[in-house]
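Trainee: After the structure tokens below, expect a handful of questions from me.
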Amino acid sequence: MNDPRSETAELYLKPVEPFHVEPLLNTSFPVPEGRSFFDDFPAWTTERALWMGLYREGDVLQAAAGALPAQWSVGSDKSPVSIVRIGGVVTQESARGQGLASQLVEELVHLAMGAGAQGVVLWG
């Protein structure tokens, strides 16, 4: 039986290194044995990528999502637009259905827009 405190413990948000998120990504996405999510998406491990995690007491990662700046060309004149792609949104199976991914995406949108992004896209 699960410890009931883990269901109600206060969540806290903090930046996280990609390698801390990797095991959760590898078990949540269809990754072949012996490979990594990041093998197919190496840009998400660069220093340009920002990963945020939601943790519970005891420093247990519950959910994570990444943000990666990009430039898109739009319109007939191909004007550059600064955007942020949000991806790798993942939640521990036991913590799903609690809105944690939504909370992370909202936080990353807020950070992106505050940093001057002209748009944000959910990348999959």
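The values are calculated or read from the model by the stated rules, or taken from the named source; none is laboratory data. Computed from a predicted model, the values in this text were never measured in an experiment. All Cβ positions, glycine included, derive from the backbone under ideal geometry; neighbour counts span all protein chains shown. Protein only, heavy atoms only, side chains kept; ligands, DNA and RNA dropped before computing areas. Shrake-Rupley method; radii C 1.70, N 1.55, O 1.52, S 1.80 Å.
Trainee: Given a 1.4 angstrom probe, what's the average accessible area per residue across the stretch 1-120, in square angstrom? Could the numbers behind the result be given before it?
Mentor: On the way: 7270 Å² over 120 residues.
Per residue, the stretch 1-120 has an accessible area of 61 Å².
Trainee: Carbon-plus-sulfur fraction of the accessible area of the stretch 1-119, 1.4 Å probe, in percent?
Mentor: 53
Trainee: Let me ask another. Subtracting the Cα-Cα distance from 0.36 nm times the residue separation, let me have the gained length for residue 98 to residue 20 in nm, one decimal.
Mentor: Values: separation 78, 0.36 × 78 = 28.08 nm, distance 2.14 nm.
In short, 25.9 nm is gained.
Trainee: Okay, moving on. If contacts are Cα pairs under 8 angstrom and at least 6 residues apart, what is the relative contact order of the chain in percent?
Mentor: After rounding, I find 22 percent.
Trainee: When the label point is put 7 Å from the Cα of residue 111 along its Cα-to-beta-carbon vector, which residues of the stretch 65-91 have a backbone N closer than 16 Å?
Mentor: Backbone N within reach: 65-70, 83-91.
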